[in-house]
Amino acid sequence: MTTDPIVYAVRHLLGPNWVRDLDPREQPGIGAHVAHYAGLLEAGKLLIAGPFLESDRGGLAVAAADPTVASGLISFKIWTSFAATRRD
């Protein structure tokens, strides 16, 4: 059994109440979302959080350079984010 810590990556998807023409920061209830994750950060249960971005900002080149990707053993998908909330 591994002694390495287990971590989880959560990617939120747009739900049925998402207002398509409204800025993400102005969505109804978004403040509760931010407060929830701020609380997890404060409790030491969150490493990093932030919205995903449309561009990969260099992650593609890093992942593609992996020899197992080049050999066809594994593949990858990039989800780029910026660290809006993080533990330093």
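The values are calculated or read from the model by the stated rules, or taken from the named source; none is laboratory data. Because the structure is a prediction, the values reported are computed rather than measured. Methodologically, a virtual Cβ is constructed for each residue, glycine included, from the backbone with ideal geometry; neighbour enumeration extends over all protein chains shown.
Based on this model, can you work out whether Arg25 counts as charged (D, E, K, R) and loosely packed, with under 11 Cβ neighbours inside 10 Å?
Numbers: charged (D, E, K, R): yes; loosely packed, with under 11 Cβ neighbours inside 10 Å: yes.
Spelling it out, Arg25 is indeed charged (D, E, K, R) and loosely packed, with under 11 Cβ neighbours inside 10 Å.
Scanning region 41-78 for residues that are in a loop (DSSP other than H, G, I, E, B) and closer than 21 Å to Ile30 by Cα, which turns out modelled with the lowest pLDDT?
Only one residue tops the list, namely Glu54.
Restricting the first residue to region 8-21 and requiring it to be without any contact (Cβ under 8 Å) to a residue 24 or more places away in the chain, which pairs with a second residue that is outside any loop (DSSP other than H, G, I, E, B) and exposed (fewer than 10 other Cβ atoms within 10 Å of the Cβ) meet a Cβ separation below 9 Å and a spacing of at least six or different chains?
Val19/Glu26
Conditions first: (1) loosely packed, with under 11 Cβ neighbours inside 10 Å; (2) free of Cβ contacts under 8 Å to residues at least 24 places away in the same chain. Gly44 passes all but one, so which condition is the exception?
Condition not satisfied by Gly44: (2).
Looking for whichever is out of contact with any Pro (no Cβ under 9 Å at 6 or more places or on another chain) and either of a type in the set (Ser, Thr, Tyr) or at negative phi (or both) here; the options are Leu53, Leu22. Which one fits?
Leu53
Test Gly58 against the stated conditions and say whether it is surrounded by 11 or more Cβ atoms within 10 Å (Cβ to Cβ) and of a type in the set (Gly, Ala, Ser).
No.
Within region 20-39, how many residues are out of contact with any strand residue (DSSP E or B) (no Cβ under 6 Å at 6 or more places or on another chain), closer than 12 Å to Pro51 by Cβ and in a helix (DSSP H, G or I)? Give the derivation first.
At the first step, the residues of region 20-39 found to be out of contact with any strand residue (DSSP E or B) (no Cβ under 6 Å at 6 or more places or on another chain) are 20-36, 38-39.
Keeping just the survivors that are closer than 12 Å to Pro51 by Cβ gives 23-25, 27, 30, 33-34.
Filter again for in a helix (DSSP H, G or I), leaving 24-25, 30, 33-34.
Number satisfying all stated conditions: 5.
Between a residue in region 62-88 that is farther than 24 Å from Arg11 by Cα and any residue that is assigned to a loop (DSSP other than H, G, I, E, B), which pairs come within a Cβ distance under 7 Å, given they are 6 or more apart or on different chains?
Matching pairs, first to second residue: Thr68/Ile74.
Could you list all residues from region 61-81 that are under 13 Å from the mean Cα position of the chain (by Cα) and surrounded by 12 or more Cβ atoms within 10 Å (Cβ to Cβ)? Before you say what the answer is, go through the steps one by one.
In the first step, residues of region 61-81 are kept if they are under 13 Å from the mean Cα position of the chain (by Cα); the result is 77-81.
Hits for region 61-81 are Ile78, Thr80, Ser81.
Would it be correct to say that Phe82 is among the aromatic types (Phe, Trp, Tyr) and in contact with a helix residue (DSSP H, G or I) (Cβ under 8 Å, 6 or more places away or on another chain)?
Details: among the aromatic types (Phe, Trp, Tyr): yes; in contact with a helix residue (DSSP H, G or I) (Cβ under 8 Å, 6 or more places away or on another chain): no.
In short, no.
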